[in-house]
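J.: Starting off with a structure, shown below.
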Amino acid sequence: MFDNRWDNWSGDFAESFAASLLDTSVRGYVPEILAHFGESIRAIDPDFPESVAAGSFAKVMTESMPRLALPHAARAQVPEVIARFFESLQDAGRLGDGDDWAAQIRIIGASYLNRLKPGGGVRGVTIRKAAAASPIGRNDLCPCGSGKKYKKCCLGSAA
């Protein structure tokens, strides 16, 4: 991983009293959750855990964490696992912003939960076509009658 601190911190947390207070459905998945979170946040924020850029937690919690393969009962507990982890780091003097980061994770947790499908999987984001958009798709036959696809015929001249 990006450095040994994250591995050490998450390993210590997984065996701590704070982790034993988590819901039983998620306790066995704590190392996996924290490893995935750490790798995902580090991929978009190279300064983590020294600092975190605005929006990094939201991006990871709503895009990367819902895709982690966990049982449904454990998936619902992911924000709380990460929040308690940050709190424990601050309590141990390892992270100065732990309580603030935990509060952010709990707030973002509602968006995370909205991305989860009840039977597993991730809900997609609905993309709506603009009202002014052309009713002709790029791969439809061109309306000029050439027999070519629109993208290979008149698309360039329509702009």
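J.: Could you work out how far helix 30-44 tilts from the main Cα principal axis of the chain, as a 0 to 90 degree angle to the nearest 10?
T.: Tilt of helix 30-44: around 50 degrees.
J.: What is the distance in Å between the Cα centres of the stretch 1-43 and the stretch 56-97?
T.: 8 Å
J.: Which of the lysines could be linked to Lys117 by a straight reach, that is with a Cα gap under 27 Å, when you skip same-chain ones fewer than 8 residues away?
T.: Lys59, Lys129
J.: Highest GNM mean-square fluctuation, the chain, Cα pairs closer than 10 Å: which of Ser40, Ser146, Ser56?
T.: Result for the chain, Cα springs under 10 Å: Ser146 fluctuates most.
J.: At 1.4 Å probe size, with the rest of the protein present, what percent of the exposed accessible area of the chain is carbon and sulfur atoms?
T.: Carbon and sulfur: 51 percent of the exposed surface of the chain.
J.: Stretch Glu32-Ser146 to full length: gain in nm at 0.36 nm per residue minus the Cα-Cα span?
T.: Here the segment from Glu32 to Ser146 would lengthen by 35.5 nm.
J.: Compute the angle between helix 78-91 and the longest alpha-carbon principal axis of the chain, please, reported from 0 to 90 degrees and rounded to the nearest 10.
T.: 40 degrees
J.: Per residue, what accessible area does the chain have, given a 1.4 Å probe and all protein chains present, in Å²?
T.: Working: 9110 Å² over 159 residues.
I get 57 Å² per residue for this part.
J.: Which value results when the Cα radius of gyration for the chain is divided by 2.2 N^0.38 Å?
T.: Taking N as the residue count of the chain, the ratio is 1.46.
J.: Using a Förster distance of 41 angstrom, determine the FRET efficiency expected from the C-beta separation of Asp47 and Ala73, and round it to 0.05.
T.: It comes to 0.75.
J.: Just to be sure I understand the model, the point goes 7 Å from the Cα along the line to the Cβ. What's the resulting Lys59 to Asp99 distance in nm?
T.: Placing both labels 7 Å along Cα→Cβ, they lie 2.9 nm apart.
J.: May I pose another question? Can you give me the distance in nm between label points at Leu21 and Leu113, each placed 7 Å from the Cα along the Cα-to-Cβ direction?
T.: It is 2.0 nm.
The values are calculated or read from the model by the stated rules, or taken from the named source; none is laboratory data. These numbers come from a predicted model, not from an experiment. Note that we place each Cβ from the backbone using ideal geometry, even for glycine, and neighbour counts take in every protein chain shown. Accessible surface is based on the protein model in full, side chains and every heavy atom, while ligands, DNA and RNA are left aside. Shrake-Rupley method; radii C 1.70, N 1.55, O 1.52, S 1.80 Å.
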